[in-house]
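Everything below concerns the one structure shown next.
Just so it is clear, none of the values below were taken in a lab; they were calculated from the coordinates. These figures come from a predicted structure and were not determined experimentally. Here the Cβ positions follow ideal geometry from the backbone for every residue, glycine too, while neighbour counts run over all protein chains shown.
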Amino acid sequence: VMLAALMYAAYQLRLDALVPDADPATTVALVSLQGLATVLFLWPGIALLARAPARSCFAEPLEWPPPDAMWGLAATGLLAVAFNVAFCLSVVLTSPLVASVGCALTVPASLVADWFFHGDPIRPAALGGSVLV
């Protein structure tokens, strides 16, 4: 977890260094190029893993998900794109620190939203976890 946090912080600082001016068009172009690089360089690995030997720990058949799961996956993908664009814009328009604090505050904000809109109780473990974040 610490390595992931360090890599995330390095990404934020590098993004701020690459796009020092507050130009949203440049930021959106950079995020688009990151997505293109993901498709070109990382997705072929999925096809290679699908060809892994059956007794391998990487063996998993490459198949489409069930039709009822497609809408949820599409919604998740669109929300991830929206988050990445908004996050990069927040780093460029404010600072990496403000963007990090904003991301960290989404955890307790979701607890309050679930309590307010759905009546879900805020459990002590969830409250303790959000304090640790």
Projected label distance in nm at residue 127 and residue 26, using a 7 Å step from Cα toward the beta-carbon:
4.6
Kyte-Doolittle mean at least 1.0, axial Cα span of 30 Å or more - DSSP H helices of the chain
67-93
Rounded to whole Å, give me the distance from the Cα center of the stretch 21-98 to that of the stretch 100-133.
25
With Kirkwood's inverse mean 1/r over C-alpha pairs for Rh, give me the Rg to Rh ratio of the chain, two decimals please.
1.04
Of the options 10, 107, 117, report the single residue whose Cα projects farthest towards the positive end of the charge dipole of the chain (beta-carbon charges: Lys, Arg +1; Asp, Glu -1).
10
Quickly estimate the mean residue ellipticity at 222 nm for the chain, helices only: each DSSP H run with n ≥ 4 gives -39500 (n - 2.57), and the total goes over all residues, rounded to 500.
-23500 deg cm²/dmol
Would you mind calculating the relative contact order of the stretch 1-93 from Cα pairs under 8 angstrom and at least 6 residues apart, reporting the percent as a whole number?
47
Could you point to the residue in 65, 39, 49 farthest towards the positive end of the stretch 1-93's charge dipole, with +1 and -1 charges on the Cβ of Lys/Arg and Asp/Glu respectively?
49
What does the charge dipole of the chain about its Cα centre add up to, to the nearest 20 debye, if the Cβ of each Lys and Arg holds +1 and the Cβ of each Asp and Glu holds -1?
340
